[in-house]
Every structure is written in structure tokens, then in C-alpha cells.
1. Looking only at segment 207-252, which residues are within 26 Å of TYR133 (Cβ to Cβ), modelled with pLDDT of 95 or more and of a type outside the set (A, V, I, L, M)?
2. Do we find a residue being within 16 Å of the ligand (Cβ to nearest atom) and over 21 Å from VAL188 (Cα atoms) anywhere in segment 84-97?
3. Name the pairs whose Cβ atoms lie under 6 Å apart, with the first residue in segment 215-236 and in contact (Cβ under 8 Å) with a residue 60 or more places away in the chain and more than 12 Å from TRP186 (Cα to Cα), the second within 16 Å of the ligand (Cβ to nearest atom) and not in a strand (DSSP E or B), and 6 or more positions between them or separate chains?
4. Give the residue that is nearest to ARG69 (Cα to Cα), with candidates limited to residues of segment 249-264 that are touching a residue at least 40 places away in the same chain (Cβ under 8 Å) and in a loop (DSSP other than H, G, I, E, B).
5. Among the charged types (D, E, K, R), under 30 Å from GLU261 (Cα atoms) and not in a loop (DSSP other than H, G, I, E, B) - does that describe any residue in segment 93-103?
6. Does segment 18-26 include one or more residues that are within 23 Å of VAL256 (Cβ to Cβ) and away from the ligand (no atom under 12 Å from the Cβ)?
7. Tally the residues that are in contact with a Gly (Cβ under 8 Å, 6 or more places away or on another chain) and under 25 Å from HIS97 (Cα atoms), restricting the search to segment 221-274.
8. Identify, by number, the condition in (1) in contact (Cβ under 8 Å) with a residue 40 or more places away in the chain; (2) closer than 30 Å to GLU4 by Cα; (3) crowded, with 20+ Cβ neighbours inside 10 Å that ARG184 doesn't meet.
Amino acid sequence: MLPEYEIHAIRYATREAQRRDHFIGGDPHDGPMPMDYFTWVAVGRAGAFVVDTGFTAEMAAARNRTFLRCPVDSLALVGVDARAVRDVVLTHMHYDHVGNFHKFPNARYHLQAREMAYATGKYMRYPRIARSYHVEDVAGMVRLNFQGRVEMHDGEVEIAPGIVLHPTPGHSDGLQVARVHTRRGWVVLASDATHYYENMATNRPYSTAFHVGQMLDAYRVLERLAPSPRHMIPGHDPYVMREYPAPRTELEGIVVRLDAEPIAPAPTFPTQAK
Ligand SMILES: [Zn+2]
């Protein structure tokens, strides 16, 4: 029998934004559409699997993000000691997903080989592509690889019973998502394969894209991987914090449990164009 993991989503930063910022081609119903930043951790008998490491307070200041708490220190809120973590999944190497990689002294890092090739490859000469990466993060991951601590995967891989990684390129060339087995079935941590529920539901890609066609195809991969639309968790959508329960009252607004049933209705959108 497959193990069942608890999944915690920890909200570590936020920023104000407008609807037009989040869709290629803008949005006819422009208005506020804030963005939240998360780190995720799956906890089971085999230990804790961290998915993405967020950014630092220094990076938040440099990029004008509202930093709420250190994503790595916040793991303690759900009983996870970063020093004890053996496995960190990096969905991709954008600055908001990889920034605290140096705070897991005993972990190995699971990455698609294609993401490392992309982040160190020819397209980084273009600011439009490179701006989502921080060169010191990329250099740091290269150093970790020289220490033998990066597991570079070529495609789908089960890194532990009940934890499977799937490539979903488009937003970046080597983006992957994590599928985690829980008490309510498989839950897909989509990360930036869809920033918001609305990107995928209306087939309108997020504004940061390497390959638009692949990004749209990634939505189909998410549909295939998730047992229902309510088993797919977007990477930056503030609705997730209202949709799922906090593990305990003092963590409301900080942590939600994604292995629990939703406590709010499915999200709805101003536009449902297909
Ligand atoms: Zn992101």
C-alpha cells in the first residue's frame, strides 16, 4: 500500500498586482489580482519532502515583494527541521523557488536535467528570460552539483513511494510538478505549471513563458495527473489559503493542509473563455 503524506502549503510572501500582469495579452476585466508565494512540504513516515525553497528577505527587498516569513524557518511551524530534510524537490530554478537552497545542509536536490541546462544555457543572455533567475542561485546549484548533491532527472521519476515528479515545460524549459499521495488520493503540486487556477481554467498562459504552446500542453498534463480539479494546487494563487484548512487556529493565514478536503467552493472567474 502506498504511504499517505500530509501536505502543508506555507505562504511566505505576497505582492500586489493587477489582472493584466498575469495573462499573455492582458485582461479585459482589469483589477487587482495579488500574488502569493509558497513553499510546500509533504510529511510521511519516510520523512519530509520539501517542494521549492522560496526566496530570502534580501531578495524580497531587491524585488519589492512583501516578505512575511522565512520559508525555511517556517518549516518548524509544521514540525519539520530543515537540517533533517534529506530530499528537496525544485520544480524549477526561478528566484522565487530556489532561493534558500543553502539552508538544507543534508539534502539532495531533485531537478530536471533540462532545467539546469536551460538556466546555464544560451537563452540567459536575454534579460526577458534571465530576469526570473538570480545568477547566484544558478551558480550555487552548479556548486552543489559538483558536491554530488543534485539529482538531475530526465523525465518522470518516482523519488519515493507516493512521490512522483513529472516534467511540465513551458513556463521554463525544465519545469516539473510533484504528485503526492495523500489520504484523499493523489494531489498535484503544480507550482508554476499554472500560477493561478484561472490560467489553466481559461487556457490563458501566464505572462512569463519560455514556450507558450508547451505551457498550454502542461495544463493538459495537470488535468491528466489530478484525479479531479480539486486535487491540483496552483503555484501562486491566494485562493488556496481560503480553500483549505489551517492545521491549527494560530496558523491561519500562514499554513494550509492540502491533504484535507477543501473548505470553500471551487474558484470562479470573471472570464471563462476557452
Ligand atoms: Zn513562481
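The values are calculated or read from the model by the stated rules, or taken from the named source; none is laboratory data. These figures come from a predicted structure and were not determined experimentally. Every residue, glycine among them, receives a Cβ derived from its backbone with ideal geometry; neighbour counts consider all protein chains shown.
1. PHE210, HIS211, GLY213, GLN214, ASP217, TYR219, PRO234, GLY235, HIS236, ASP237, PRO238
2. Yes, segment 84-97 has at least one match.
3. Pairs that qualify, where the first residue is in contact (Cβ under 8 Å) with a residue 60 or more places away in the chain and more than 12 Å from TRP186 (Cα to Cα) and the partner is within 16 Å of the ligand (Cβ to nearest atom) and not in a strand (DSSP E or B), are GLY235/ASP192; GLY235/HIS195; HIS236/HIS195.
4. The residue in question is ILE254.
5. Yes, the conditions are met somewhere in segment 93-103.
6. no
7. 3
8. The single condition ARG184 does not satisfy is (3).
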